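Structure first, commentary second.
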Amino acid sequence: MTTVRDEEPGVPGAGGDPDDPWFERADDGSIDATARVVDPASDDGERRIEAALRPKRLADFPGQTRVRDQLSLVLEAARRRGSPPDHVLLSGPPGLGKTTLAMIVAAELQQPIRITSGPAIQHAGDLASILSSLAEGEVLFLDEIHRMARPAEEMLYLAMEDFRVDVIVGKGPGAMAIPLELPPFTVVGATTRAGLLPAPLRDRFGFTGHLDFYATEDLVTILQRSAQLLDVEADLAGITEIATRSRGTPRIANRLLRRVRDWAQVHGRSVVDLDAARVALALFDVDDRGLDRLDRAVLEALCRRFNGGPVGLSTVAVAVGEESDTVETVAEPFLVREGFIVRTPRGRAATSMAWRHLGLTPPAHAPGLYDGTQGALPLDDGGRFGG
């Protein structure tokens, strides 16, 4: 599949017809409406569009109140001291604003930002070349920091703590370590898997902020701002409908807004209203709880084919025609978080919420956790273990 991305002048992706860069096209030029619009990950093209929608200051950053207030205090104290702040680690699922906060840190400090990622640093020399070119006070943003190569990690320990790197010259017995002093700088690391960071690296971050999923009212605020930047006329009911289906993730919310905008403009609607939102999101297979085709296929397999489970992951994957890794990493996290399925020692099981979401009556054994000796523990409506 080829993605067309002929961006218009001004705000990227501001077009409103089938030639808009946010329509996915097959190689024959037809529009593919089956692309997974609720995937929290993004590609380079989407990041360019996101850049135009990102807030530039902490005061404009909606949601994440605790992290925002804590980070504001750290940055303000550093400004008053006239020195770089402590290194910052931001963790949480993709699409919640870690990159945006890194950009805001640099903007609040009025310093340039150097952007790279863990997978791009596979040798200590790669990191040494970046560190040696940093200016005093500059912000170094390391995305996916947990994927950095181990030799580079060990070099980063010393650089973050002592602002020094040891450059190895020569090989074998004649090799020498030449210390290279670095100007004070700030590392902002972002990770979706904080548990994979080695303890020595985690300990060198003076501030750690964990980003949670957003409340619907915060997503409404984000979408209202995005609609203005994209020059999209939208009423509150339409915006709220999009927000409730966005899985608590701003990236998904903004993507759904563009999809609904495209549908409204192609069908001659001047306003993104409730009807436009519902019809457009139904076209893209996003239901009223934010579940898409894959999510519902997993629930259908568990409830209709396996009587609610428990059933092994590989069996579920075969039933829905996907790879086990796809089911486990793409569909399962959201379904577990929302209480539609539970993981048990004997496999995956659907909760009573899953049965009702599909319009089915939960069986008497209604889904719960099997410990191998007892029966199923009942779950309440939220998917939590009951008495």
Tally time: how many residues in the range 64-109 are assigned to a helix (DSSP H, G or I) and not polar (S, T, N, Q)?
24
Kindly check whether there is at least one residue in the range 89-102 that is within 23 Å of R225 (Cβ to Cβ), in contact with a Gly (Cβ under 6 Å, 6 or more places away or on another chain) and either buried (at least 17 other Cβ atoms within 10 Å of the Cβ) or assigned by TED's automatic domain parsing to the domain that holds E181 (or both).
yes
Does L302 qualify as being of a type outside the set (K, R), modelled with pLDDT of 85 or more, over 21 Å from the mean Cα position of the chain (by Cα) and surrounded by fewer than 24 Cβ atoms within 10 Å (Cβ to Cβ)?
no
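For (1) more than 21 Å from D218 (Cβ to Cβ); (2) of a type in the set (A, V, I, L, M, F, W, C); (3) at pLDDT 85 or above, each residue gets a yes or a no:
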| site | (1), (2), (3) |
| --- | --- |
| I242 | no, yes, yes |
| S246 | no, no, yes |
| T249 | no, no, yes |
| A282 | yes, yes, yes |
| S324 | yes, no, no |
| E332 | yes, no, no |
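For the range 220-248, what are the residues that are among the β-branched types (V, I, T) and either surrounded by fewer than 23 Cβ atoms within 10 Å (Cβ to Cβ) or over 27 Å from P93 (Cα atoms) (or both)? Quick ask: steps written out before the conclusion?
Restricting attention to the range 220-248, the residues satisfying the condition of being among the β-branched types (V, I, T) are 220-222, 232, 239-240, 242, 244.
Within the range 220-248, V220, T221, V232, T240, T244 meet the criteria.
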Assess whether P362 counts as being in contact (Cβ under 8 Å) with a residue 40 or more places away in the chain and touching a strand residue (DSSP E or B) at 6+ places or on another chain (Cβ under 6 Å).
no
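The values are calculated or read from the model by the stated rules, or taken from the named source; none is laboratory data. Predicted model, so just to flag it, every value in this text is computed and none were measured. Because the Cβ atoms are built from the backbone with ideal geometry, glycine has one as well, and the counts that use them run over all protein chains shown.
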